[in-house]
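Shown next, in structure tokens, is the structure this report addresses.
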Amino acid sequence: MALVGKAVRPGCRRAYTLADLLVAVLVVVLVLGVLLPAIQHRTHNRGAPQIKCGTQVRNIVQAMTIFAQGNRDSYPLPSMIDANDATVSAATPRAKDTTSNILSVLVFNSSISPELLYCPSESNSAINAYADYQTSSPKAAVKPAEALWDPALRCDFTTGAGHVSYATLMPNGDTAAGAKARGRLSMWGNTFNATEAIVANRGPLVTGRDRDGEPIHNRKSNTMAIHGGRATWEGNVGYNDNHVNFETRMNPSEITYRSADGKRKADVFYYDEPDDADGLNAWLGVWVKAGTLPSQFKGVHD
């Protein structure tokens, strides 16, 4: 008896042959060949400035460390260096301890170049690398021939051109001769503490914390666009043990302070927590005014 084959029903799709599969694979390969280079190019372009910025932060931290090795383990304090007011004059000596003066000391000593103070991802057009730094007899100094840094390097980008993309720890506090430093000056040197932040990409103006402990800040700040999108702050942070982390939040959980109730809380880099029991919470900023007390410091934001 003859076998009767099943009829193919109208509308049924035939099975893929090996040739069909090979054609499909070839199409996918061709498409990936076109798209991957473009994707890799965008990723590389986004990541390269971030990596370069991290290297610059590390170089600044290392320069501060090397300076401290020859200065009783203290990072640059212009008020101590320029005791005779040959570089700048100020109402009080500690008023000299601004971010620009601190970093300018390192440039003047050839520890870093002024270009290192400008982040390759800088989002504020008012900030640019300082091309005219004078390492010999700077004209902006009170006594150019005796100057110890070039005061023309500026960090205040709100009143003209600025030359600094990075924030520094507020070096407030005091110390008597031979006594232990108090305030944040106790962290202003070679402590080798991996949780003490001293240099970082600058941050937005933080005005408080919400119920969850998250910073309340200016979400339109240019600092939100330096390394990421507008939704969150991201930046390179250098610590006192010479390591640099790329942080994706202003209050990483491992960086804490002791609150008045004895608890450890996540520390916001750009905010002075009012419940800080020790006065040693991280407070980084672009300081255009300085002094002994935190209230004498003034930071600039954008």
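Every read-out reported here was derived from the displayed coordinates using simple, explicitly stated rules and does not represent laboratory data. Note that the structure is a prediction, hence the values are computed from the model and not measured. Positions of Cβ are backbone-derived with ideal geometry, glycine not excepted, and every protein chain shown enters the neighbour counts.
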#### Entry: Surrounding net charge for T65, when Lys and Arg each add one and Asp and Glu each subtract one, Cβ distance under 12 Å
-1
### Query
Relative to the present Cα-Cα distance, how much length would full extension add between D241 and T135 at 0.36 nm per residue of separation?
35.3 nm
### Potential lengthening between S113 and A152 on full extension [0.36 nm per residue; Cα-Cα distance subtracted]
12.6 nm
### Summary
For K220, the aspartates and glutamates lying under 12 Å Cα to Cα, once residues fewer than eight places off in the same chain are dropped, come out as D302
#### Entry: Extension gain (nm, one decimal) between T92 and K220, 0.36 nm per residue minus Cα-Cα
42.5 nm
## Note on the structure
Summing +1 per Lys or Arg and -1 per Asp or Glu among the other residues with Cβ less than 13 Å from H217's Cβ gives +3
### Query
What spacing in nm lies between the two simple spin-label points modelled at S259 and R211, each 7 Å away from Cα in the Cβ direction?
1.5 nm
### Summary
Spelling it out for K298: with amide H atoms placed in the peptide plane at 1.01 Å from N, the residues 5 or more places away or on another chain with amide H under 5 Å from its amide H are V288, K289, A290
### Message
I need the peptides 259-269, 230-240, 190-200 ranked by packing, meaning the mean over residues of other C-beta atoms within 10 angstrom, with the highest value on top.
### Response
230-240, 190-200, 259-269
### Query
Under a point spin-label approximation (7 Å from Cα along Cα-to-Cβ), what is the A126-S186 distance to one decimal in nm?
3.6 nm
### Query
What does segment 26-299 give for Rg and for Dmax, in Å, if only its C-alpha atoms count?
19.9, 77
